[in-house]
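Chemist: Got a structure for you, questions after.
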Amino acid sequence: MCKRFGEIIIGGEGKVSTVDMLLYEKECWEQSFRHIAGVDEVGRGCLFGDVVAAAVILPEGLIIEGVDDSKKLTAKKRDALFEIIMEQALAVGVGHVDSRVIDEINIKQASRLAMKKAIEGLNQMPDYMLVDAEKVDLPLPQRAIIKGDANSQSIAAASIVAKVTRDRLCEGLWHEWYPDYGIAIHKGYATKLHREQITTLGATPMHRRSFLGRIMAEQQTLF
């Protein structure tokens, strides 16, 4: 459900929210910034696949109930909110950086690059960026917010878009390419199943060699 700024927001259990998810956005609006992009990434700690970032510009004053850090939400809730965000947003951009580049430049720089690509993919350039604990290499005003996806609706919306986008790749195309690795189940993270399959089958071209460490050392054969 969507509401406009000024209405009381009731959580799923009927309690008034104690976190003002528009606190940072309000500060920007008060300084006459109008197109505020929330930016976040997912897949930073995975052994497999791209790091994926999203940038989302929501209309000024819009409140989307239930938007929160994507990690706190069920897959069903994320999917429902994803559809609302895509419908309500003024602009959405998504950026990908693959495992080869991650290995070349390290995951921190790859995450920043994915965020930059997400911003550059917007059809409406923002005049301010709220970023989850990072700095984006673009000449735009920005603010890095620790735990931004739990404290800013714009960043939380970006985290949902990035998470759903990446999860759908894990469950669809990436699973089809590498069906024996359980990608659809663990989404590329270092679960016991995933580590066992890497040890047994070897690393795929989409595995991050720089992340595998001891797992790679234990392998006898690599793809």
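The values are calculated or read from the model by the stated rules, or taken from the named source; none is laboratory data. Please read these numbers as outputs of a predicted model, since none were measured by experiment. All Cβ positions, even for glycine, are placed from backbone atoms using ideal geometry, and neighbour counts span all protein chains on display. Remember, those area values only see protein heavy atoms, side chains included, never the ligands or the DNA or RNA. Shrake-Rupley method; radii C 1.70, N 1.55, O 1.52, S 1.80 Å.
Chemist: Does D180 fit the bill of being at pLDDT 95 or above, within 17 Å of S99 (Cα to Cα) and in a helix (DSSP H, G or I)?
Modeler: Against the criterion (at pLDDT 95 or above, within 17 Å of S99 (Cα to Cα) and in a helix (DSSP H, G or I)), D180 does not qualify.
Chemist: Which of the following residues is under 16 Å from I160 (Cα atoms), outside any loop (DSSP other than H, G, I, E, B) and at pLDDT 95 or above: A110, A80? Spell out how you get there, then give the answer.
Modeler: Working: A110 fails: under 16 Å from I160 (Cα atoms).
Going through A110, A80 in turn, just one is under 16 Å from I160 (Cα atoms), outside any loop (DSSP other than H, G, I, E, B) and at pLDDT 95 or above: A80.
Chemist: If a residue must be closer than 13 Å to D40 by Cβ and open to solvent by 40 Å² or more (accessible area, probe 1.4 Å), how many such residues does the stretch 93-115 contain?
Modeler: 2
Chemist: Which of the strands (runs of 3 or more DSSP E) found entirely inside the stretch 27-76 contain at least 1 residues meeting this: under 30 Å from Y181 (Cβ atoms)? So that I can check it myself, show each step before the final result.
Modeler: Numbers: elements: 36-42, 51-57, 62-64.
Here the list reads 36-42, 51-57.
Chemist: Is one or more of the residues making up the stretch 136-147 touching a residue at least 40 places away in the same chain (Cβ under 8 Å), buried (at least 17 other Cβ atoms within 10 Å of the Cβ), farther than 19 Å from M21 by Cβ and more than 15 Å from the chain's Cα centre (by Cα)?
Modeler: For the stretch 136-147, residues touching a residue at least 40 places away in the same chain (Cβ under 8 Å), buried (at least 17 other Cβ atoms within 10 Å of the Cβ), farther than 19 Å from M21 by Cβ and more than 15 Å from the chain's Cα centre (by Cα): absent.
Chemist: Now, a different point. Please tell me if H194 is surrounded by 19 or more Cβ atoms within 10 Å (Cβ to Cβ), part of a helix (DSSP H, G or I) and over 15 Å from the mean Cα position of the chain (by Cα).
Modeler: Yes.
Chemist: For the stretch 148-174: of the residues being under 15 Å from K26 (Cα atoms) and part of a loop (DSSP other than H, G, I, E, B), which is most open to solvent (accessible area, probe 1.4 Å)?
Modeler: Restricting attention to the stretch 148-174, the residues satisfying the condition of being under 15 Å from K26 (Cα atoms) are 148, 151-155.
Now narrow it down to the ones that are part of a loop (DSSP other than H, G, I, E, B): 151-152.
Values: N151: 51, S152: 0 Å².
Among them, the one singled out is N151.
Chemist: Could you tell me which residue of the stretch 116-133 is nearest to K26 (Cα to Cα), considering only residues that are surrounded by fewer than 21 Cβ atoms within 10 Å (Cβ to Cβ) and under 14 Å from the mean Cα position of the chain (by Cα)?
Modeler: It comes out as A133.
Chemist: If we keep just the residues of the stretch 15-39 that are modelled with pLDDT of 95 or more and hydroxyl-bearing (S, T, Y), which is farthest from A150 (Cα to Cα)?
Modeler: S32
Chemist: Sticking with this one: Counting only residues that are open to solvent by 40 Å² or more (accessible area, probe 1.4 Å) and of a type in the set (V, I, T), which one in the stretch 55-91 is nearest to M129 (Cα to Cα)?
Modeler: I84
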